[in-house]
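K.L.:
Handing you a structure now.
We did not get these values from a lab; they are worked out from the coordinates using the rules stated. The shown structure was predicted, so the numbers you read here are calculated from the model rather than taken from an experiment. Counting neighbours? That spans all protein chains shown, and the Cβs are built from the backbone with ideal geometry, glycine included.
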Amino acid sequence: MKERGSFGSKLGIVLATAGSAVGLGNVWRFPYMTGENGGAAFILVYIVCILLLGIPGMIGEFVVGRYAQTNAARAYDILSRGKPWKLVGYLGILTGTIILGFYAVVAGWCLEYLLASIAGQLQGDAEAVKNYFATFSSNPLKPVIWGVAFILVTHVVVIFGVRKGIERASKWLMPILLILLLVLVVASCLLPNAMEGVRFLFEPDFSKVNRRVFLDALGQAFFSLSLGTACLCTYASYFSKTTNLLRSAGQIALLDTVIAILSGLMIFPAAFSVGVNPDSGPSLIFITLPNVFQQAFGGFPFAGYLISVMFYALLVFAALTSTISMHEIGTAFFTEEFHLPRMKSAWIPTFIASVLCVFCSLSVGAYDIQVLGLPLMDFCDMLTADYMLPLGGFFTCMFVGWYIPKKIVHTEFTNEGQFNHRFFNTYLFAVRYVCPIAIMLVFLHQLGVI
């Protein structure tokens, strides 16, 4: 049997796995959720949630993947010794494939906006920018082409394997993403009245912390780190036996959080500079921000043009690091379960995700394709975010905390005693009690029960 691929360096592990977590959820979802939930107070609650839920949940998936050294479905099967726990692995693979399908639609929009910003087509007043998005999204062909094109770009990276494809791409994409983000942060913070946005981000108003803020922060921590998609489990199967799981999880969570906060520093100072409401919601990216860039840098047209191009390039890179990880989940599964060459197995998730992408794109544009009263894309988003991800994360925590023999978890956590195990009991308590309870609260909150 051909030897499995593996990451070639500690830096590759951190950048590739952080890349799977860093995506539009950081650059897009985190800032608008921060705006909706009052700014700095939300960030502090979010950081606590990363510590209580994110890092223990990540380590749980790392334990499963690194121990089994195989795809997610087989990993759960090996550790459950033939019991139905393997269904958790299948759930993660299905979740990742669905997310890849509808995520590519938004990623395709980012690609369109990058090219449009380069061509100078996002100039004009707010109404013109709004009409541009409405015209583009309702076109029956262009959004489909860009979405499928994004999946094909992802496909090209994945077929080169773990080291030559995923790791090498991550070593390029993540530094470029960080450089672009830092440049945009500096430019945004130099604008008039930018400090109002900085204060909004960093001066906590604890009077705004209520149950909704806490639950939204829990949900954002959960979704931002890709918990429950089998992505972390799949990537961990490429870790070496010398990888420190606790340290890696901490580094990935730190990088993910820093990028999310920097995204807020990029958006809010510019928004406050031109008097835009910081809780503009998802429309912030495609309708509000193009006009913000024009207004903020109105005296320097080329600066506004350059910032717009850099911003949408940032979004494209962030989306690509996530779509690569989602694609790899299915590619690893089909390669190992059906004994197919990677070049062939990668076409299966590419085809499935492309078909889903086509129908999701049409459902929010040219055609009224609905499931249970929702456009297909919104239904897929709701299905994965509200049901599949929380269930996958919950069962993984229960599996690691209660079903896998404690000795195996301890061995993986400490690398057979090579690392200090003083945090092991704390971790075990978190994965047994704190994480399942937190995930159930998120689940019930998404359903509107609490």
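K.L.:
Per the Kirkwood treatment, what hydrodynamic radius in Å, one decimal, follows for segment 134-237 from the mean inverse distance over all distinct Cα pairs? Please report the intermediate quantities before stating the final value.
P.N.:
On the way: mean 1/r = 0.0544 Å⁻¹.
Every distinct Cα pair counted, the radius reaches 18.4 Å.
K.L.:
Please compute the contact order of segment 298-426 in relative form: average sequence separation of alpha-carbon pairs under 8 Å and at least six residues apart, divided by the residue count, as a percent.
P.N.:
Relative contact order, segment 298-426: 9 percent.
K.L.:
In whole angstrom, note down how far apart the Cα centers of segment 133-186 and segment 378-440 are.
P.N.:
Segment 133-186 and segment 378-440 have Cα centres separated by 30 Å.
K.L.:
Could you tell me the convex hull volume per residue, in Å³, taken over the Cα atoms of segment 202-285?
P.N.:
141
K.L.:
Can you list the lysines whose alpha carbon sits under 22 Å from that of LYS142, skipping same-chain ones fewer than 8 residues off?
P.N.:
Cα-Cα hits under 22 Å: LYS130.
K.L.:
Over segment 335-449, consider all pairs of different Cα atoms and compute the Kirkwood hydrodynamic radius from their mean reciprocal separation; express it in Å, one decimal.
P.N.:
17.7
K.L.:
Please work out, to two decimal places, the log10 of the ratio I(q)/I(0) at q = 0.16, 0.18 Å⁻¹ from a Debye calculation in which every Cα of segment 34-96 carries one identical scatterer.
P.N.:
Log-scaled intensity ratios, in q order: -0.63, -0.70.
K.L.:
Rounded to the nearest 500, what is the 222 nm mean residue ellipticity of the chain from helices alone, with -39500 (n - 2.57) per DSSP H run of 4+ residues and division by all residues?
P.N.:
Estimated from H runs of four or more residues: -22000 deg cm²/dmol.
K.L.:
May I ask you to sort SER345, SER138, SER20 by Cβ crowding, counting other Cβ atoms within 10 Å and putting the fewest first?
P.N.:
SER138, SER345, SER20
K.L.:
Evaluate 2.2 N^0.38 Å with N set to the residue count of segment 52-200, then give the Cα radius of gyration divided by it.
P.N.:
Working: Rg = 21.0 Å, N = 149, 2.2 N^0.38 = 14.7 Å.
Taking N as the residue count of segment 52-200, the ratio is 1.43.
K.L.:
For the chain, state the average projected area of the convex hull of the C-alpha atoms over all orientations, rounded to one decimal in nm².
P.N.:
For the chain, the mean projected area of the Cα convex hull comes to 20.5 nm².
K.L.:
Listing HIS339, HIS410, HIS155 from the residue with the fewest other Cβ atoms within 10 Å to the one with the most, what is the order?
P.N.:
Numbers: HIS339 10, HIS410 17, HIS155 20.
Listed from fewest to most nearby Cβ atoms, that is HIS339, HIS410, HIS155.
K.L.:
Measure nothing fancy, just the Cα-based angle from helix 40-49's long axis to the longest principal axis of the chain, in degrees from 0 to 90, nearest 10.
P.N.:
The two axes meet at around 10 degrees.
K.L.:
Now, a different point. Arranged from highest to lowest average of other beta-carbon atoms within 10 Å per residue, in what order do the peptides 76-88, 391-403, 357-369 appear?
P.N.:
Values: 76-88: 17.2, 391-403: 22.3, 357-369: 20.3.
Most protected by this proxy first, the peptides run 391-403, 357-369, 76-88.
K.L.:
Pick from VAL106, VAL209, VAL185 the residue whose mean-square fluctuation is largest in a GNM of the chain, springs joining Cα atoms under 10 Å.
P.N.:
VAL209
K.L.:
Now for a different question. Label-point separation (nm) for MET382 and SER9, each offset 7 Å from Cα along Cα-to-Cβ?
P.N.:
4.6
K.L.:
Could you work out how far helix 301-337 tilts from the main Cα principal axis of the chain, as a 0 to 90 degree angle to the nearest 10?
P.N.:
The helix 301-337 is inclined about 20 degrees to the chain.
K.L.:
Can you give the log10 of the normalised intensity I(q)/I(0) at q = 0.18, 0.23 Å⁻¹, computed with Debye over equal Cα scatterers of segment 1-80?
P.N.:
-0.94, -1.17
K.L.:
Once you order the gyration tensor axes a ≥ b ≥ c over the Cα atoms, which shape class does segment 172-220 get: rounded for a/c under 1.5, otherwise prolate or oblate by comparing a/b with b/c?
P.N.:
On the way: a/c = 5.04, a/b = 1.42, b/c = 3.55.
Note, shape of segment 172-220 comes out oblate.
K.L.:
Percent relative contact order of segment 44-137, based on C-alpha pairs within less than 8 angstrom and at least six residues apart?
P.N.:
Rounded, it is 12 percent for segment 44-137.
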